[in-house]
1. Considering only residues that are within 14 Å of chain D (Cβ to nearest Cβ) and part of a strand (DSSP E or B), which ones fall in the range A:173-189?
2. Tell me, yes or no, whether the range D:261-270 has at least one residue that is out of contact with any helix residue (DSSP H, G or I) (no Cβ under 7 Å at 6 or more places or on another chain), of a type in the set (D, E, K, R), more than 10 Å from every other protein chain (Cβ to nearest Cβ) and crowded, with 21+ Cβ neighbours inside 10 Å.
3. On the given criteria, is residue A:47 within 14 Å of chain B (Cβ to nearest Cβ), in contact (Cβ under 8 Å) with a residue 12 or more places away in the chain and of a type in the set (Phe, Trp, Tyr)?
4. For residue A:278, all conditions in the list (1) of a type outside the set (A, V, I, L, M, F, W, C); (2) over 17 Å from residue A:25 (Cβ atoms); (3) buried (at least 21 other Cβ atoms within 10 Å of the Cβ) hold save one; what is the number of the exception?
5. Does any residue in the range A:84-106 that is closer than 18 Å to residue A:72 by Cβ come within less than 7 Å, Cβ to Cβ, of a residue that is modelled with pLDDT under 95 six or more places away or on a different chain, and which pairs are these?
6. Please state which of the following conditions residue D:151 fails to meet, knowing it meets all the rest: (1) in a loop (DSSP other than H, G, I, E, B); (2) more than 23 Å from residue A:253 (Cβ to Cβ).
7. Name every residue in the range D:203-231 that is free of Cβ contacts under 8 Å to residues at least 40 places away in the same chain and either within 10 Å of chain A (Cβ to nearest Cβ) or more than 15 Å from residue D:303 (Cβ to Cβ) (or both), in order of residue number.
8. Please go through the range A:147-188 and pick out each residue that is free of Cβ contacts under 8 Å to residues at least 24 places away in the same chain and touching a Leu at 6+ places or on another chain (Cβ under 9 Å).
There are 4 protein chains.
Amino acid sequence: APAFARKLTGLVAATFTPFTTQGEINITEIGRYIDYLAEKQGISSIFVNGTTGESMSLNVAERKILAEEWCEKAKGKMDQVIVHVGCMCLKDSQELARHAAQTGADGIAVIAPSFFKPNSAEALRTFLHEVSSVAPTLPFYYYHIPAVTGVNVPVTSVLENIEELIPSFRGVKFTGIDLMDFGQCVSYSQPHWSVLYGVDEQLLAALAMGAHGAVGSTYNYMGCHVSKLMSAFENGDLIQARTIQFKMQELLSYAKKQGFDLGVNKQLMSEVSGLCLGPPRLPVVPCPTARALSIAQKYHSIFPEH
Amino acid sequence: APAFARKLTGLVAATFTPFTTQGEINITEIGRYIDYLAEKQGISSIFVNGTTGESMSLNVAERKILAEEWCEKAKGKMDQVIVHVGCMCLKDSQELARHAAQTGADGIAVIAPSFFKPNSAEALRTFLHEVSSVAPTLPFYYYHIPAVTGVNVPVTSVLENIEELIPSFRGVKFTGIDLMDFGQCVSYSQPHWSVLYGVDEQLLAALAMGAHGAVGSTYNYMGCHVSKLMSAFENGDLIQARTIQFKMQELLSYAKKQGFDLGVNKQLMSEVSGLCLGPPRLPVVPCPTARALSIAQKYHSIFPEH
Amino acid sequence: APAFARKLTGLVAATFTPFTTQGEINITEIGRYIDYLAEKQGISSIFVNGTTGESMSLNVAERKILAEEWCEKAKGKMDQVIVHVGCMCLKDSQELARHAAQTGADGIAVIAPSFFKPNSAEALRTFLHEVSSVAPTLPFYYYHIPAVTGVNVPVTSVLENIEELIPSFRGVKFTGIDLMDFGQCVSYSQPHWSVLYGVDEQLLAALAMGAHGAVGSTYNYMGCHVSKLMSAFENGDLIQARTIQFKMQELLSYAKKQGFDLGVNKQLMSEVSGLCLGPPRLPVVPCPTARALSIAQKYHSIFPEH
Amino acid sequence: APAFARKLTGLVAATFTPFTTQGEINITEIGRYIDYLAEKQGISSIFVNGTTGESMSLNVAERKILAEEWCEKAKGKMDQVIVHVGCMCLKDSQELARHAAQTGADGIAVIAPSFFKPNSAEALRTFLHEVSSVAPTLPFYYYHIPAVTGVNVPVTSVLENIEELIPSFRGVKFTGIDLMDFGQCVSYSQPHWSVLYGVDEQLLAALAMGAHGAVGSTYNYMGCHVSKLMSAFENGDLIQARTIQFKMQELLSYAKKQGFDLGVNKQLMSEVSGLCLGPPRLPVVPCPTARALSIAQKYHSIFPEH
């Protein structure tokens, strides 16, 4: 499969799911969304139906429609579309993995099930294997985000001999702050793997540790700035990279003090991009308008050039 | 609706979901399961598709089939069947709630969504309301289990003015160990509410605090003993109630030292009951046979009469 | 030693440490404090220099002076004075234990060291043993309070064969909400042990589970009411016991919503008792006056008879 | 004061406290210890009586004797000696701070009190201020280690306007993995402050984020290797820096799998250095000999040149 030849690197935007004001998925906004990412943020790969995309609040039918639309509209505009197919229920994950293969996704990702938590690296690896095995030609990524899932199995343990079990394994989206575990993943990674970092506010630390790329929600609206951070890093200009990282931190610190959750994040994206992403879905609650405006204002004062 | 007239009290078994050895749901065992509970354990109400029933590892179609079968086979044998319809996804919960109403369930219960966690009592109450509103004639129960969900909103806060929002509200399955919160729920409960306790190993404490009944997995195989505990308590014989509670604790302490999770619990039920419940589904892993046997042996040594 | 003959039961007040407004210990208030407890609250035993007494914010010299004064002033007025001698540093604990023996304390208690946490029940038991061994004739109590110490070793494990190591062992102050662990402590306790409960807002639950008594800070100002709770419980009047427990819970729930910590608790005691307990010591900060007044007002509205 | 002119940078070893086999402090080993650090590990500054030094298990008198000896023996051999004077008890901290000033320490550090936890950044800052104010001419460092103390107040908040309150403030030992908080500390630091990192296994990440130096226990025996990491980083050779960091991670991952705590760490230092550091003090328990040997062997296989 050609996708196997292309290693996923650089900045990957974890997309929000557009909703109508009535709370139904709004696929009509997806084309414009992709154009915005490509043209205004310089983003060339997306991670859809993930945490930022509120996937766990979507039903299987909705996730399929969304996956189709993202893949369709991304044609010729995005380099890669990774579809997250993780669910609490293995059967649902398998159904979505099969569907992703038919839809033309460039890869699938699976989060650790978090209601019943795997009691060992082996149990988790077996779960991942069962999903991957129904879509064996699709590059497979494990999605680690312990602050949300409560699943603290070190990724290093999950990766032990993983290609024996999952030949399509191609990497990990590591959204955690244990950089010893992260560093060991990089250290033991195969050349065709992508070890991607997911805590946007400390990306520079992960780059120093050898990250191959990054997946995050803030790249939806800060991608253009973070691209410069990555270029600076690659050019050995740590001072410049740090300057941009500190600006991101200043914005996100400000946002956290105001109250920052997925609902706020989504509204902030709407404010910055002009896209109509609508409200989040329960149990996430809509963001008070004033809060998003205040954070957007801070954004523009920190990044005046944009 | 007649169900509204019957307050849920006493012991309620949270049922396991029978699987075939291939891991598919096995509804052919449900009739025998109900007979076992009624005849051997003296159980008259069940809570199906809950945590013990591995509901989050089942897809929506499976949960419907199971709900139908439990309701069908329970006719004339069980007093009440409460169907848990909680999901991460509100739409799925609503679909299951509508289905439960058609199926003849005596009530529905909803757990707090735990992937995206409600950020306030109000957000959680709104989520519960949205589920209840599609099945307004069914008695509605909130299912609180913070050790699993990580949702620590005090139940007392969730219940504030809840009947204004959810007229069908009838109670709570409180599976937590904060007995101040529990006591305040009892204290403020309406006469037609059921405040049910769900931490089997300290049921006696909750009875002292005024619990109206109990829902738990161990009543599947210890119901006959716990009935005696409840009778002793009602008769003012705390010494006897405590003796039985301490025996339960001894068994469960032993089990915990051996390693006790849902897979072990399920296999223990198979050993004690003789039912064929099959393995759990991933990410829960099957129990090593020796472990279930050892705990079953302990069970028989602690409760020799059975 | 005669103390060995007297089992510690009933309500034990965990005393606050009086400070001057300048923040120095104020032993001149101790006599009046004891009179207040004896005469107004019906308290006959005290637990001094514990968590409520801010012991970890006192130096060794201050703890000695306080222990002496409490023991001296308690003569003829209190049945038992238990001196808490736990410290992060074993040597300090030993020094205080030796001193307590000279001072005429009726027993000593030791909390689990919490900066470096014992990595097993055995490590903790050995630490306790080393303290007890320098005061072998004093009844010894282990003080379990995992929410503060972060030491979650089950008490049941700590107590395994403890009398072989600590012949003076006489019981535990169990300030936790795992009532299976608590119940197993009661179940395995020797006749001369006291298994005392320390979470005041759910005392009734622990009584049902077989608690021999209670140690807590709220008995400083609610002892007279909780005595009635205990009498009601002993007389089999659970309804009355529950009514009082629910009132306590209502007060403490209210206090928690206002912000309730040791500083507030201390100021509340000053308000209710009229004693001059002064401010807490850093890092605990003084209570805003309005807050203590508001909680005191709630106290008087809930318990109008006092 | 001349010390104020010298910014603390580079590698700082957090020293172990030597004990006799009977468990008493063994100051006779301190001279040899300093020689070892200077000659074999290339270390020029030390942080004494900290977490690695088991300070919370020492009494005040012992901490004074140790501080004196470290300062005395370090003369002419170490650039700076920072004495940690943090205690649960403010009075003890003040006594040690005064003593450190007399002893000729180059600076003092204070950890957040962790039994009673400060309920705000302001409460913590006030506590730190009260310690610093008795030794106003000594450079003052805040020591942040939330995994041990449970005090999660963001350092960024603690540092707000801190020089107005603590004119002698000179920096922070940041032993945490929230690198947004760390980055913001660097970003807002004054030129005369030292923002030092304390999680050895991910030092490279902190260097990228702008760390001015590092304080840690592993520099006692890996200082010579980590010096090369720092040089490589300063020279822009990230590949080489990463290679050394990954080796450290491999060793520490191995150690963690074997069971790695302060007792093991101390014994490992004895094995590698040949110094007689003795056992740890309770509640830390001695390391099984085989475990330290196995980790030392791994050390030599990973760093064969040493």
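1. To start, the set of residues in the range A:173-189 that are within 14 Å of chain D (Cβ to nearest Cβ) comprises A:174-189.
Scanning the range A:173-189 gives a single hit, A:174.
2. yes
3. Values: within 14 Å of chain B (Cβ to nearest Cβ): no; in contact (Cβ under 8 Å) with a residue 12 or more places away in the chain: yes; of a type in the set (Phe, Trp, Tyr): yes.
For residue A:47, the condition - within 14 Å of chain B (Cβ to nearest Cβ), in contact (Cβ under 8 Å) with a residue 12 or more places away in the chain and of a type in the set (Phe, Trp, Tyr) - is not met.
4. In the conditions (1) of a type outside the set (A, V, I, L, M, F, W, C); (2) over 17 Å from residue A:25 (Cβ atoms); (3) buried (at least 21 other Cβ atoms within 10 Å of the Cβ), residue A:278 misses (2) alone.
5. A:106/A:3
6. (2)
7. D:205, D:206, D:207, D:208, D:209, D:210, D:211, D:231, listed by residue number.
8. Start the filter on the range A:147-188 by keeping residues that are free of Cβ contacts under 8 Å to residues at least 24 places away in the same chain, which leaves A:152, A:161, A:164, A:180, A:187.
Residue satisfying the conditions is A:180 alone.
The values are calculated or read from the model by the stated rules, or taken from the named source; none is laboratory data. Fair warning: this is a prediction, and the values are worked out from it, not measured in the lab. Note that we place each Cβ from the backbone using ideal geometry, even for glycine, and neighbour counts take in every protein chain shown.
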